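Just below is one structure, and these are the notes that go with it.
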Amino acid sequence: MHSAWALAAAAMTVEELRRALEGFDGCGLKKTATNLVLGDGNPEARIILIGEAPGAEEDRQGVPFVGVSGRLLDRMLGSIGLDRTQVYISNTVFWRPPGNRNPTTMEMAICMPFVERLIELVDPEILVALGGAAAKVLLAQNVGIGKLRGRWFAYSTPRLPRPVEATAVFHPAYLLRSATHKGEAWRDLLEIKRKLNPL
Ligand code: URA
């Protein structure tokens with residue numbers, strides 16, 4: 001049996017990675033999900049955003065961030081002149097956890113070879129973790145989102161041609177619940193814009 005790492009590494013395009021995930025039965029979330037939710041946007045984008053896990057609407061459509069928090073994410077991107085033709089969006093797991101519970105550390109670890117390969121295939125300049133769960137696994141840091149946002153890290157894998165500049169922002173679902181962080185979120189978005197379009 002192919003390991004998840006070998007399966008992911010063999011994918012040379014995002015479409016091949018999708019087919020690999022369709023044939024991968026190593027993640028228990030697949031059993032209860034309706035659809036695989038791999039990604040949305042432009043696989044040639046300069047920026048990739050990784051959220052936590054698909055919710056009910058994402059599971060129905062097979063597309064990430066299409067529910068309420070997705071609408072806020074679209075507005076956040078729009079505020080710095082970006083839309084889904086200029087970004088690629090995915091999650092730390094590719095199937096909806098039942099009842100919208102948080103994905104477990106194990107489920108995220110099982111999907112990580114595919115997340116990592118996805119980042120290699122998009123080969124972006126900037127990686128943005130959306131929320132604390134994605135930030136923790138992608139930035140390999142053991143502190144909360146409040147301490148990670150606004151900082152930049154180098155994300156590397158053996159197959160990326162160069163390290164990707166990586167940061168974290170508050171998850172849109174969190175911003176919907178907590179208006180007090182809107183100012184910080186806005187500053188983080190402007191910093192991302194500045195990295196993409198240096199003067
Ligand atoms: N929240 C996420 O983290 N990902 C989605 O795709 C939708 C909501």
Net dipole in debye of region 50-104 [+1 Lys, Arg Cβ; -1 Asp, Glu Cβ; about Cα centre; nearest 20]: 60 debye
Starting from 0.36 nm per residue, how many nanometres of slack lie between LEU196 and ARG71 once their C-alpha separation is accounted for? 42.8 nm
Charges on Cβ only, +1 for Lys and Arg, -1 for Asp and Glu, centred on the Cα centroid of the chain; of VAL128, ALA11, VAL93, which one is farthest towards the dipole's positive end? VAL128
Could you tally the net charge around ARG151, taking each other residue with its Cβ under 14 Å from the Cβ of ARG151, Lys/Arg +1 and Asp/Glu -1? +1
Run the numbers for GLU184 and ASP83: contour at 0.36 nm per residue of separation, minus the present Cα-Cα distance, in nm. 34.3 nm
Working from the alpha-carbon coordinates of the chain, get Rg over Rh, Rh being the Kirkwood radius. 0.94
Cross-link reach list, lysines versus LYS136, counting only Cα pairs under 25 Å and skipping chain neighbours closer than eight places: LYS30, LYS147, LYS182, LYS193, LYS195
Amide H to amide H under 5 Å from ARG151: which residues, 5+ apart in sequence or cross-chain, H placed 1.01 Å off N in plane? ALA168
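Each reported figure results from applying straightforward, stated rules to the coordinates on display, with no laboratory input. Everything numeric in this text was worked out from a predicted model, so none of it was measured. Counting neighbours? That spans all protein chains shown, and the Cβs are built from the backbone with ideal geometry, glycine included.
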